[in-house]
1. If you check A:Leu99 against the conditions, is it within 14 Å of chain B (Cβ to nearest Cβ), in contact with an Asp or Glu (Cβ under 8 Å, 6 or more places away or on another chain), buried (at least 21 other Cβ atoms within 10 Å of the Cβ) and of a type in the set (A, V, I, L, M, F, W, C)?
2. Going residue by residue through the stretch B:278-299, is there one that turns out to be surrounded by 14 or more Cβ atoms within 10 Å (Cβ to Cβ), farther than 20 Å from B:Ile36 by Cα and without any contact (Cβ under 8 Å) to a residue 40 or more places away in the chain?
3. B:Ile60: closer than 30 Å to B:Lys149 by Cβ and under 24 Å from the mean Cα position of the chain (by Cα), yes or no?
4. Looking at the stretch B:194-213, is at least one residue assigned to a strand (DSSP E or B), among the hydroxyl-bearing types (Ser, Thr, Tyr) and modelled with pLDDT of 90 or more?
5. Tell me which of these B:Lys332 doesn't satisfy, since it passes every other one: (1) among the basic types (Lys, Arg); (2) surrounded by fewer than 24 Cβ atoms within 10 Å (Cβ to Cβ); (3) within 21 Å of A:Asp59 (Cα to Cα).
6. Hey, can you tell me all the residues within the stretch B:205-223 that are farther than 16 Å from B:Ile190 by Cα and surrounded by fewer than 22 Cβ atoms within 10 Å (Cβ to Cβ)?
7. Just checking: which of the strands (runs of 3 or more DSSP E) contained wholly in the stretch B:104-173 hold 2 or more residues that are over 24 Å from the mean Cα position of the chain (by Cα) and in contact (Cβ under 8 Å) with a residue 60 or more places away in the chain?
Amino acid sequence: MEKQIILEARSICKSFYNPVKVDVLKDVSFKLSRGDYASIIGKSGSGKSTLLYILSTMDTEFSGTLLINGVDVKNKSDMELADIRNEQIGFVFQFHYLLNEFTALKNVMLPGYKLNKVSEEELEHNAFKLLKNLGIDGLAHKMAYQLSGGEKQRVAIARAMINDPLIIMCDEPTGNLDNKNSEIVFNIFKELTETYNKTLLVVTHDLDFAHKTERIIELDDGKIVDR
Amino acid sequence: MKVKHITEISGALMRARWRQTLVAAVGVMFSIGLFIALLGFMEGLNQLLDGLVLNRTPHIRLYNDILPSKIQPIDISKDFKNHHNFISSVKPTNTRKELYNVQQIINTLNKDQRVLGVAPKITTQVFYNLGNIDLNGIINGVDTEKESKLFSFSDYVVGGNAQDLKIVSNSIILGSGAADIMRAKLGDIITVTSTEGEQFNLKIVGFFQSGIAEIDKVQSFASLATTQKILGENSNYISDIQIKLKDIKQAPAMAEEYRTYFKVDAEDIQTANAQFETGSNVRSIISYAVGITLLIVSGFGIYNILNMLIYEKMDTIAILKATGFAGADVKKIFITISLSIGIAGALAGLILGFLLSLVIDAIPFNTTSLPTVTTYPIDYGIQYYIIAALFAIGTTYLAGWFPARKASMVDPVIIIRGK
């Protein structure tokens, strides 16, 4: 049986016009299915981050078609895109981007507040369970700024998971981490795809990391390089 | 998105910057407090100054004016009906100052639902005799009780008792200015000469101080009966009827009505004292302008602080948006912050305003012209509190709306990429 297609990009092009027209992405097309563990690699300036922001629906100024779980995101309103991000996409950034005003647990719960599907007790329970799975339940009630880099990244992963998204996108998740923490993060991701059947898309220039993933999409000068 | 969660996020953002938040709230508090104290004080002064004249002035006064007859014989003549005529040098006739049918007029007025009260009055010129010097004076014959009830007469009697005027026969309440000149003391007997040339001895039972020196030098008060005696008239003689209305605004219309109905001259308070209302209005406008300026300035304070907060919290906003918060949610969060500052500041400001009012109300303010006033006047009208609270919430909402809109339009890609 064909695996469910979660994310499909059809000839996505993107140009910057400041000050002259620069084509960043040229006719990028690929598909990701459920449970895929893919990485996007490429040199600096090859457009991999730009592609990720387009795929995550945060950047809407591109031409081509993007389908997330079979739904075309073109011409959706700001509100609808926010809902798609909230419900179907989990995001992990290079810089951990936790909200320093909140505890680790609250940081994980925040996207759940927006989704507002389960009661607060249940949400807290889920968040705690996620932290426990990632081995940092002891830090749940610490403020975000009191955590170390690796811990923060794991909290960010828990946050990406809280609404049970179909796909988790990561922008250089290990860029700031030492080898040991990179290893931990990689294993967590692997577990997510294998145990929870999540789709993972990781932008990285850590080639070791990328080669361990199931699939590598290499970008060069805005185009996908066939391997 | 539940309100509870919006407030939780707003609360956390405010706590992270609690000093600025506090400064903004204190700014609102001071502007609200000063607004209330300023307007209360201004209105208190207005009422005091208006009261100085308006409370003591009848809303409508009925009297016979000394005027040339409005209808000359030639106007009645049938022969000259279609002609124009010019008569020069028309002189007033010797009209009686007395009102006709006073008792009937008073009875009719008392039945009128719009009338609060009626007080008869006689005014006559006299000379106060002081050795071989004669001082000009005016004696007002009044009904003490009605005069006190309607025009706060007894408030302005300093030394002595207003009621004695009725009890003691041939008594007078002397204007304080006149009393100073005559070195008169309570219980002294003074001599007055009527315009007819007759002399009377009157016992001083009190002093009158209106706060207006010109009046105090001249005006004195006696009972109706005593004044009638000085004039040598019978007990029906009344020269003025003073009317106090339930609604002062009806005075001009009702004066016109009485003028035609009773065929007497009627003067309303608006015509007689037009400048007082203008003065009050101008003072109110100035104090409102100052008060609203205070509130707007504090609004800019909030605007500034929220703008700063948004620049500092760009990352937070970007992350919220990346994890699925829509622009509208971000906007709600920042408007909640702004409104919380506004509401907290407004509540504290209302209390501060009330306390400032109490303080002003307790400051001694003694002036010879205002015997009944011992402290600065304050009006505790609830309307100032309501206006201040509404305006505070309105300004803070607007002050929050613009930064909130800016926050809602933050593009997360630019922020995240910029790192």
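The values are calculated or read from the model by the stated rules, or taken from the named source; none is laboratory data. These numbers come from a predicted model, not from an experiment. Backbone-built Cβ (ideal geometry, glycine too); neighbour counts: all protein chains shown.
1. Numbers: within 14 Å of chain B (Cβ to nearest Cβ): yes; in contact with an Asp or Glu (Cβ under 8 Å, 6 or more places away or on another chain): no; buried (at least 21 other Cβ atoms within 10 Å of the Cβ): yes; of a type in the set (A, V, I, L, M, F, W, C): yes.
No, not satisfied.
2. Scanning the stretch B:278-299, I find no residue that is surrounded by 14 or more Cβ atoms within 10 Å (Cβ to Cβ), farther than 20 Å from B:Ile36 by Cα and without any contact (Cβ under 8 Å) to a residue 40 or more places away in the chain, so the answer is no.
3. Numbers: closer than 30 Å to B:Lys149 by Cβ: yes; under 24 Å from the mean Cα position of the chain (by Cα): yes.
Yes.
4. Restricting attention to the stretch B:194-213, the residues satisfying the condition of being assigned to a strand (DSSP E or B) are B:194, B:199-208.
Narrowing further to those that are among the hydroxyl-bearing types (Ser, Thr, Tyr): B:194.
If we keep only those that are modelled with pLDDT of 90 or more as well, we get none.
The answer is no, given that none of the residues of the stretch B:194-213 is assigned to a strand (DSSP E or B), among the hydroxyl-bearing types (Ser, Thr, Tyr) and modelled with pLDDT of 90 or more.
5. That leaves (3) as the condition not met.
6. B:Ser210, B:Gly211, B:Ile212, B:Ala213, B:Glu214, B:Ile215
7. Numbers: elements: B:115-130, B:133-142, B:157-160.
Filter on the stretch B:104-173 gives B:115-130, B:133-142.
For (1) under 30 Å from B:Leu48 (Cα atoms); (2) basic (Lys, Arg), each residue gets a yes or a no:
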position: B:Asn136; (1), (2): yes, no
position: B:Lys166; (1), (2): yes, yes
position: B:Ala184; (1), (2): yes, no
position: B:Thr191; (1), (2): no, no
